[in-house]
Amino acid sequence: MKPHHVRIGFVGTGRMATALARGFTRELVPTAQICGVDPSEVSKQAFRTAVGKDVVVSAAADEHLKNSDVVFLAVKPQMMQSVLEELGPQLTPDQLIVSVAAGLTISRLESWLPAGSRLIRVMPNTPCLIGKGACGVSRGTLASDADEQLVSTLLSSVGVVEIVAEHLLDAVTGLSGSGPAYVFQIIEALSDGGVKVGLPRDMAIRLAAQTLVGAAEMVLQTGEHPAALKDAVTSPGGTTIAALHEMERGGVRAALISAVEASTQRSGELS
Ligand SMILES: NC(=O)C1=CN([C@@H]2O[C@H](COP(=O)(O)OP(=O)(O)OC[C@H]3O[C@@H](n4cnc5c(N)ncnc54)[C@H](O)[C@@H]3O)[C@@H](O)[C@H]2O)C=CC1
Ligand SMILES: O=C(O)[C@@H]1CCC=N1
């Protein structure tokens, strides 16, 4: 099936569903092919406002969801079992199911889905909203090459895609799934630093964010090791080494390593 012909249903129209749907409809999928199911009026309307007025939303599974070729499960992990118990009888074997839930393993999801369901497990992140996402993808027991290819193509329209063995999806969650939150906090902290030394807040946020964008793009475009790029900024006896010394004193590297590890462990606990 051609990706731009795919009808996509979202079960749960919260933040991650909105980021994906908005991303898919930027270039690839017409908004009229998107539907969402969510009991929350606020969430449903926010989804429709963000994605487009052609999007059909409803409080419970309806004909639009039944007619979707791909169904994204985007509810909280803790709700997934009860949602699937209710939804299961309405799903058809023709539909490809995609879970974005943190932690929930393929075997657990398959045990909650109707027998014979084709499942792909994905760990996306919120920058999918602007086409700059990073996603890990693992294929369920019955999903085909074509299913994996379709989901990869959809996700490639909203970011980079890494096909990974399922046991690595918790690690992907710890790094790129939760990662935008770490980076937002780093941007906020850098801008606090800018304010401390006299910059106006809005300018400090712009400079901090652009510095992260520029540095990240340099890593991706040059292919150089980040340590080599860091060395190129760091003059002997200069300003940067004075700052890096403070970062080492503050344990920034250890804190980030522990952050990825803690999120990965928590993802493992969620199943
Ligand atoms: N927010 C993020 O950065 C990421 C989230 N995820 C995963 O995405 C999933 C959704 O997370 P968020 O979007 O952040 O949460 P959210 O709270 O923004 O959205 C969840 C939505 O599910 C809805 N919901 C509750 N009961 C429902 C039901 N019976 N049927 C249909 N919808 C129902 C809620 O009303 C809400 O709109 C989670 O499993 C999470 O692990 C994965 C990667 C990143
Ligand atoms: O915090 C969470 O559990 C979700 C999963 C990855 C990002 N947000």
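Every number here is computed from the coordinates shown, using simple stated rules; none is lab data. A quick note: this is a predicted structure, and the numbers were derived from the prediction, not measured. Positions of Cβ are backbone-derived with ideal geometry, glycine not excepted, and every protein chain shown enters the neighbour counts.
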**Message:** Could you tell me the center-to-center distance, by alpha carbons, between the range 32-81 and the range 1-28 in angstrom?
**Reply:** 10 Å
**Prompt:** Viscosity 0.692 mPa s, temperature 37 °C: Stokes-Einstein D of the range 3-169 from its Kirkwood Cα radius, in µm² per second?
**Reply:** 213 µm²/s
**Item:** Ellipticity estimate at 222 nm from DSSP helix runs (n ≥ 4, -39,500 (n - 2.57)) divided over the chain, nearest 500
**Value:** -15500 deg cm²/dmol
**Request:** Assign unit charges at the C-beta atoms only (+1 for Lys and Arg, -1 for Asp and Glu), then state the dipole size of the range 179-270 relative to its Cα centre in Debye, rounded to the nearest 20.
**Result:** 160 debye
**Item:** Sequence ranges 233-240, 169-176, ranked by mean other-Cβ count within 10 angstrom, highest first
**Value:** 169-176, 233-240
**Item:** Selected from A21, A74, A102, residue furthest toward positive end of dipole (the chain; charges at beta carbon)
**Value:** A21
**By average C-beta atoms within 10 angstrom, highest first, the peptides 117-123, 217-223** = 117-123, 217-223
**Prompt:** Quick one: Karplus J couplings for the range 194-211, per residue in order, coefficients 6.51, -1.76, 1.60, θ = phi - 60°, nearest Hz, x for Gly and Pro?
**Reply:** x, 5, 4, 9, x, 7, x, 4, 5, 5, 5, 5, 4, 5, 5, 5, 5, 5
**Item:** Sequence-distant residues sharing a close amide H with N67 (under 5 Å, placed H)
**Value:** none
